[in-house]
Every structure is written in structure tokens, then in C-alpha cells.
């Protein structure tokens, strides 16, 4: 019924898919034959036919029908033009937004690259400082015996200072200074 109303009375259809591929075909062979045909994947299917018999008593004015059809056609063309202009402006807006998006992505990538570059430089600087400190520590070879003797001497001095009478403090001090001198001489000569 919606298809007939659309084609004969030019009423809008609630579901455009109903009239997709549908055509109104007429033939005039004594009687007026109206056929509604739909093209489905290249096959023409007849949905229905209306036969209007010729009646000399009834006056049929095809011009009114043609006029209504022409008005509906003009309204459809006007709506189509309006939709095309709207679509064109929307396409322009989409193109501008895509350009902005591309600019934002480019700026984001540049910013990330700059931040990664700065981080890499900072990380390399820290690695260099760690290597320098490691070399410095490796170059300053501390003899274990000297360190232990100084530690023992400081412990001995601390204990001796608690007791007032310690005759061997002078002897320990002299021995510790001799060990330090020997180590210093051996490190200068490379032995």
C-alpha cells in the first residue's frame, strides 16, 4: 500500500528501503495498465498491477496527475540540492578537522621525540658519571693491609685513651707510621 501511495499520491514513505529499485510502468492498450516492478539483482519482479478500464462516462484528467508528479519531482530536486550543499560543507569541515588532526599528531610526535632525546642525553650523562666514578675508584687502589692496620690502630688508640696508663701507644704510633711510609714508597715505585 505504501508503494502505491508513494507513486500515485506522491506521499513520502516511512521506510525508503520499501521503494528501493521499484518503478512504475504503464501501458496503454485500450485500458490503462499500471505495473509496479522491482529490480532485484538484475531480475525484474512484478509487485502488482492496476488496470484502469476505459470508461467514456468517466472523465480522467492525466494532466492533474502529471502536475502533481512534476511538483513532487521539483520538491525532490530542491531537497537533493540542499542535501548536496550540506554534504559539501560537511566534507570541507571534515577535511579541515583531518588537517588539524594531522598537525596535532605531528606536534605530538615531535614533542615525544624531543623528550626522548633529552632523556637519552640525561641517561648518557649519568652513565658517563658512573663510569668516571668507577674509573676513579679503580685507580685509587687502597691496600687492604694498610686500611686494616689503620682501623686497628684507631681502635687501639680509642681503647688506650680510656685507660690512662698505656706505655705502648708510642710504639704503635711509630709502627703505623712506618707501615704507611713503606706503602707510600711502594706505590710511587710501582712495586
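What full-extension length gain, to one decimal in nm, is calculated for residue 133 and residue 103 as 0.36 nm per residue of separation minus the Cα-Cα distance?
Gain on stretching residue 133 to residue 103: 6.3 nm.
Kirkwood hydrodynamic radius, region 14-98, all distinct C-alpha pairs: what's the number in Å?
Averaging 1/r across every pair of different Cα atoms and inverting gives 16.7 Å.
Counting other beta carbons within 10 Å of each Cβ, put 69, 89 in order, fewest first.
Values: 69 14, 89 10.
By the 10 Å Cβ count, ascending: 89, 69.
Please report, in Å, the Rg and the Dmax of region 1-56, where both are computed over Cα atoms only.
Reported Rg and Dmax, both Å: 12.5, 41.
If r is the Cβ-Cβ distance from residue 64 to residue 96 and R0 is 45 Å, what FRET efficiency results, to the nearest 0.05?
0.40
Read-outs: derived from the displayed coordinates by stated rules, not from any lab. Because the structure is a prediction, the values reported are computed rather than measured. Methodologically, a virtual Cβ is constructed for each residue, glycine included, from the backbone with ideal geometry; neighbour enumeration extends over all protein chains shown.
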